Amino acid sequence: MVEDTRDGVKPDDHFYNADEFNVSWFPTLQAMWGSKGQQVMISTPGQPTKHYGIGAVDYYTGETEVIFRRHKRRREIADLLQRLLDKHRTGTIYVAWDNAGTHEDDEVEAVVRGAAGRLVLLYLPTYSPWLNPIERLWRQFRRAVTHCELFETVKALLAASRDFFDRCNQNPDKVLSIVRVHPS
């Protein structure tokens, strides 16, 4: 169903894959080279502070729309949907994402109703992140921004996060190659 809808999108319509990701002040660790017998020390903050990225990538253009918030509740999800509607004043916007509880409810439904048929939400099967290409972009984000990196402040972490997605929007073909989606 999702693939059929995606492949049948009209020229004035837009198809997005969307999801959320954690932006943690704790550095994500990956394998590192070091001197034999010497462990590399990675500093961590005393108190973890979490923020969330809530975003979408256009399947055909590679453009991203990402917002950062302290919470990933229904209100924040509705904010992303409204931003997509504001960005595209005409045509239908299709959003494919998982079945998270935050993707349904009154606030999200109010945005859908307010769009008067221009916003269609499509749900991927539960527990199937491999079906959502945006997961690959989140993985690339972590590799490029947070792996083995401790930021002085949460503000610096969020600035680096925004810079990553600004760079993505300057090179949407690279985003398409990351999510392994190519325009037809």
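Read through the labelled values (i) -0.61, -0.81, -1.02; (ii) -0.50, -0.64, -0.85; (iii) -0.43, -0.61, -0.90 and report the label of the one computed as log10 I(q)/I(0) by the Debye sum over Cα atoms at q = 0.10, 0.12, 0.15 Å⁻¹ from the structure.
After the calculation, the listed value that fits is (iii).
Mind checking the angle between helix 154-170 and the chain's longest principal axis? C-alpha axes, 0 to 90 degrees, to the nearest 10.
Approximately 50 degrees, to the nearest ten.
Which order do L157, L176 fall in if you start with the one that has the fewest other Cβ atoms within 10 Å?
Ordered by Cβ neighbours within 10 Å, fewest first: L176, L157.
Based on the Cβ-Cβ distance of Q39 and F68, what FRET efficiency does E = 1/(1 + (r/R0)^6) give at R0 = 30 Å, to the nearest 0.05?
In this case the efficiency is close to 0.40.
Using the basic label-point model (7 angstrom from Cα toward the beta carbon), what is the D12 to K50 distance in nanometres?
The two pseudo-label positions are separated by 4.2 nm.
With only Lys, Arg, Asp and Glu charged, each at its Cβ (+1 for the first two, -1 for the last two), find how big the charge dipole of the chain is about the Cα centre; round to the nearest 20 debye.
Approximately 640 debye in magnitude.
Can you tell me the length gained on complete extension of the stretch R89 to Q140, counting 0.36 nm per residue apart and subtracting the Cα distance?
Contour length minus the Cα-Cα distance gives 15.3 nm.
When every alpha-carbon pair in the range 65-130 is counted, what percent end up more than 15 Å apart?
52
To make sure I understand, if each residue's beta carbon is the centre and we count other beta carbons within 10 Å, what order do T49, T126, T146 fall in, fewest to most?
T126, T49, T146
Can you give me the long-range amide H partners of L124? Hydrogens built in the peptide plane at 1.01 Å from N, cutoff under 5 Å, separation of 5 or more residues or another chain.
Those qualifying (amide H under 5 Å, at least 5 residues apart or on another chain) are W97, D98, N99.
Working out 0.36 nm times the residue gap between Q82 and Q170, then minus their Cα-Cα distance, what length gain in nm do you get to one decimal?
That pair, Q82 and Q170, stretches by 29.4 nm at full extension.
In deg cm²/dmol, rounded to 500, what helix-only [θ] at 222 nm does the chain give when every DSSP H run of at least 4 residues adds -39500 (n - 2.57) and the total is split over its residues?
-10000 deg cm²/dmol
Would you mind checking which residues have amide H under 5 Å from V23's amide H? H placed 1.01 Å from N; only 5 or more apart, or other chain.
H51, Y52, G53
Quote to one decimal, in nm, the extra length available between D106 and A160 on full extension: 0.36 nm per residue of separation minus the C-alpha distance between them.
Stretched fully, the D106-A160 segment lengthens by 16.1 nm.
Summing +1 for each Lys or Arg and -1 for each Asp or Glu, what net charge is found among the other residues whose Cβ lies under 15 Å from the Cβ of D106?
Result for the neighbourhood of D106: -2.
Here, each number is a calculation from the coordinates, and none is a lab measurement. These numbers come from a predicted model, not from an experiment. Please note: Cβ atoms are built from the backbone with ideal geometry, for glycine as well, and neighbour counts cover all protein chains shown.
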